[in-house]
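Below: the structure, in structure tokens.
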Amino acid sequence: VMSLRIEGPDLERFRYVTGMPGAASGPFSLGFTIDVRDDGVEVLELVTKTSLGELQADGSIGDPDTFLGTELNIRVRTDSLARLAGAYDIEDMPDKPAEIAGVAQYTEAGIRTKGPVSVVIDGDSAEVDGLITLRGGVRGTDVTVKAEGGDLAALVAMFAEVTGVPALPYEVSGRLRVTDEGFRFTGISGLLGTSSVSGEGLLVLADMIA
């Protein structure tokens, strides 16, 4: 068993040791334990807190050089999803508080969920299941989504400047694929206010137009 805990007022002095991205700064704490199961697989328990947010994770470690195959039960809390995602070169995320919880595996294609992952952004909740790529703007992401909240217009405004979206409660599900064109939704069904909705569409973000 190997255990380590580090905490202090200035993450910059320990950045190499902790492996934290450059966007994280200031006070921090990091603690982890690595053990080996009877089958030889390394398992990890991790708790960390930085200016980007809080992370708790536990699970099995994959390839020791690339970490491919690592599968973790993850719980993340942040005051700004945009800052947290931006630290890992993921763009177009809202500058809102968020909580994420679920099981996911690190693969060559990206992060693949192992069952629905719950996401709460500024009070709006969703379940996401599928592949989330780590390329710019998460292009190539292909997931099923179930979402509900009190104001659809406010949700859409987190991601894009779009007019005419009704400020009504919503409960919808469907498939989301992120392409070079934008966010493509298919198989959408659910409720908007008291009305049933279904359909598909493409949400184009301004910085995707070139």
**Request:** State yes or no: is Tyr106 open to solvent by 70 Å² or more (accessible area, probe 1.4 Å) and at pLDDT 90 or above?
**Result:** yes
**Request:** With respect to Ser29, determine if the residue is under 18 Å from the mean Cα position of the chain (by Cα) and either at pLDDT below 95 or open to solvent by 50 Å² or more (accessible area, probe 1.4 Å) (or both).
**Result:** no
**Request:** Could you check, for region 156-176, whether at least one of its residues is touching an Asp or Glu at 6+ places or on another chain (Cβ under 8 Å), of a type in the set (Asp, Glu) and outside any strand (DSSP E or B)?
**Result:** no
**Asked** Which of the residues spanning region 143-157 are within 16 Å of Met93 (Cα to Cα) and open to solvent by 50 Å² or more (accessible area, probe 1.4 Å)?
**Response** Ala157
**Request:** Identify the residue in region 72-94 that is open to solvent by 80 Å² or more (accessible area, probe 1.4 Å) and modelled with pLDDT of 90 or more and, among all such residues, is nearest to Lys114 (Cα to Cα).
**Result:** Arg75
**Prompt:** Before we move on, is Ile100 open to solvent by 30 Å² or more (accessible area, probe 1.4 Å) and out of contact with any Ser or Thr (no Cβ under 8 Å at 6 or more places or on another chain)?
**Reply:** no
**Request:** Hand me the list of strands (runs of 3 or more DSSP E) wholly inside region 57-119 holding 1 or more residues that are touching a Pro at 6+ places or on another chain (Cβ under 8 Å) and touching a residue at least 12 places away in the same chain (Cβ under 8 Å).
**Result:** 71-78, 98-106
**Message:** Would you confirm whether or not region 182-190 contains a residue that is more than 23 Å from the chain's Cα centre (by Cα), free of Cβ contacts under 8 Å to residues at least 60 places away in the same chain and part of a strand (DSSP E or B)?
**Reply:** yes
**Request:** Scan region 46-71 for residues that are within 28 Å of Pro94 (Cβ to Cβ) and open to solvent by less than 30 Å² (accessible area, probe 1.4 Å) and report the count.
**Result:** 7
**Fill in**
Taking region 120-142 and keeping residues assigned to a loop (DSSP other than H, G, I, E, B), open to solvent by less than 40 Å² (accessible area, probe 1.4 Å) and within 19 Å of Leu155 (Cβ to Cβ) leaves Thr141
**Item:** Members of region 179-200 that are open to solvent by less than 60 Å² (accessible area, probe 1.4 Å) and over 21 Å from Thr133 (Cβ atoms)
**Value:** Ile188, Ser189, Gly190, Leu192, Gly193, Val197, Gly199
**Message:** Among the residues that make up region 158-178, is at least one of them of a type in the set (S, T, N, Q) and open to solvent by 80 Å² or more (accessible area, probe 1.4 Å)?
**Reply:** yes
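The values are calculated or read from the model by the stated rules, or taken from the named source; none is laboratory data. Quantities reported herein were computed from a predicted structural model and do not represent experimental measurements. Here Cβ is always computed from backbone atoms with ideal geometry, including for glycine, and neighbour counts include all displayed protein chains. When the accessible area is computed, the model is the full protein with side chains, heavy atoms only, and any ligands, DNA or RNA have been set aside. Shrake-Rupley method; radii C 1.70, N 1.55, O 1.52, S 1.80 Å.
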